[in-house]
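Everything on this sheet refers to the single structure shown next.
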Amino acid sequence: MNNPLHSAVSESGPAAYGAAESQALPAGDLWAHGLQPRVLVAEDNLANLFLLNSQLQRLGCEVLGVSNGLEALTQWRQGQFDCLLTDLGMPQLDGFCLVRQLRKDGDMRPVIGISADPGEQERQRAAEAGFNILLAKPVSLSVLHTTLLRFALASSMQRLPVYMDDSLAALFDGDAGLMKKFVARLLDSNRQDLAEAFVLYGQQQWGELAQVLHKIKGAARLIDAQQVARDCEQMEKACKAANQEQVGILLEDLRLRLQTLEDSLQAKAML
């Protein structure tokens with residue numbers, strides 16, 4: 001049986017951020033506008049805490065660091081965080097107890113665990129406690145960035161509207177008939193473009209894929225569908241860096257965003 005904490009995300013040690021990525025994308029330009037993750041870091045070793053804070057800031061995240069599990073629990077409950085990054089062994093409340101308490105509270109926001117030498121038994125304990133993934137210390141910038149895309153992006157997206165009714169109504173001065181026809185064509189175009197995007201991804205045609213994403217983004221902006229538009233922007237960045245793993249993560253997320261948009265429009269009787 002596969003351990004749920006085993007992931008396609010590499011767990012390599014420290015390394016410089018990928019040359020192609022660092023040349024193409026400066027730290028402040030790694031995230032589409034509004035998608036910068038808000039991360040709470042819990043680590044009792046002050047040197048490790050400094051390192052993680054520095055890495056996350058280098059990646060453009062908003063970060064708050066705490067040095068024990070009890071303080072992490074308090075800050076998490078009070079703050080609007082997208083992701084928790086926590087050590088396993090900490091004073092007052094260790095990482096396992098911390099995450100079990102969060103899951104007991106019904107909080108399913110993503111939790112990334114870090115451990116100096118995670119073995120199979122520790123991974124199993126983390127899975128049972130409710131961690132999303134367990135990474136080995138020290139974590140490279142590229143692995144950290146990809147892991148945040150995989151697990152924190154959905155939380156960040158919740159800050160953005162699916163689409164804006166006013167923007168859609170303004171296009172046709174409130175004419176319901178015309179709006180329904182437009183929406184039907186928009187969604188049909190999205191389905192075709194998404195199918196083409198998956199083909200181009202399989203062929204690793206990053207430039208052509210970026211053009212299709214730009215098309216989807218342009219259509220989304222007509223009705224201020226911010227989740228779809230931001231997803232496309234984020235994926236364009238990954239295409240620019242030719243990062244296949246990140247593009248794959250984002251493409252699956254885009255599929256979800258487009259389906260959420262379609263469901264929302266259907267619920268408003270636009271079809």
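The values are calculated or read from the model by the stated rules, or taken from the named source; none is laboratory data. This structure is a prediction, so every number in the text was calculated from the model and none was measured. Please note: Cβ atoms are built from the backbone with ideal geometry, for glycine as well, and neighbour counts cover all protein chains shown. Heavy atoms of the whole protein, side chains included, go into the accessibility calculation; ligands, DNA and RNA do not. Shrake-Rupley method; radii C 1.70, N 1.55, O 1.52, S 1.80 Å.
Every test in (1) in a helix (DSSP H, G or I); (2) open to solvent by 30 Å² or more (accessible area, probe 1.4 Å) is passed by LEU194 save one, and that test is (2).
Within segment 143-167, the set of residues being touching a residue at least 60 places away in the same chain (Cβ under 8 Å), open to solvent by less than 40 Å² (accessible area, probe 1.4 Å) and part of a helix (DSSP H, G or I) comprises VAL143, LEU144, HIS145, THR146, THR147, LEU148, LEU149, LEU153, SER155, SER156, MET157. With respect to GLN57, determine if the residue is closer than 22 Å to ARG230 by Cβ, in a loop (DSSP other than H, G, I, E, B) and either at pLDDT below 95 or not basic (Lys, Arg) (or both). Answer is no for this residue.
Of the listed requirements (1) surrounded by fewer than 21 Cβ atoms within 10 Å (Cβ to Cβ); (2) part of a helix (DSSP H, G or I); (3) not aromatic (Phe, Trp, Tyr), ASP173 misses just one: (2). Please go through segment 242-271 and pick out each residue that is farther than 20 Å from VAL199 by Cβ and under 17 Å from the mean Cα position of the chain (by Cα). The one that is farther than 20 Å from VAL199 by Cβ and under 17 Å from the mean Cα position of the chain (by Cα): THR260. The set of residues in segment 88-118 that are small (Gly, Ala, Ser), surrounded by fewer than 22 Cβ atoms within 10 Å (Cβ to Cβ) and under 22 Å from the mean Cα position of the chain (by Cα) comprises GLY106, SER115.
Is there a residue being in contact with a Cys (Cβ under 6 Å, 6 or more places away or on another chain), part of a helix (DSSP H, G or I) and in contact (Cβ under 8 Å) with a residue 12 or more places away in the chain anywhere in segment 224-243? There is no residue in segment 224-243 that is in contact with a Cys (Cβ under 6 Å, 6 or more places away or on another chain), part of a helix (DSSP H, G or I) and in contact (Cβ under 8 Å) with a residue 12 or more places away in the chain.
Going residue by residue through segment 132-139, is there one that turns out to be at pLDDT below 95, of a type outside the set (Lys, Arg) and in a helix (DSSP H, G or I)? There is no residue in segment 132-139 that is at pLDDT below 95, of a type outside the set (Lys, Arg) and in a helix (DSSP H, G or I).
In segment 53-78, of all residues being open to solvent by less than 20 Å² (accessible area, probe 1.4 Å) and touching a residue at least 40 places away in the same chain (Cβ under 8 Å), the one that is farthest from LYS137 (Cα to Cα) corresponds to CYS61. Taking the conditions (1) closer than 19 Å to GLN266 by Cα; (2) open to solvent by less than 60 Å² (accessible area, probe 1.4 Å) in turn, LYS181 satisfies each one other than (2). Filtering VAL212, VAL199 for residues that are surrounded by 14 or more Cβ atoms within 10 Å (Cβ to Cβ), over 16 Å from the mean Cα position of the chain (by Cα), assigned to a helix (DSSP H, G or I) and modelled with pLDDT of 95 or more leaves a single hit, VAL212.
Output yes when any residue across segment 244-266 is open to solvent by 20 Å² or more (accessible area, probe 1.4 Å), among the hydrophobic types (A, V, I, L, M, F, W, C), touching a residue at least 60 places away in the same chain (Cβ under 8 Å) and assigned to a loop (DSSP other than H, G, I, E, B), and no when none is. For segment 244-266, residues open to solvent by 20 Å² or more (accessible area, probe 1.4 Å), among the hydrophobic types (A, V, I, L, M, F, W, C), touching a residue at least 60 places away in the same chain (Cβ under 8 Å) and assigned to a loop (DSSP other than H, G, I, E, B): absent.
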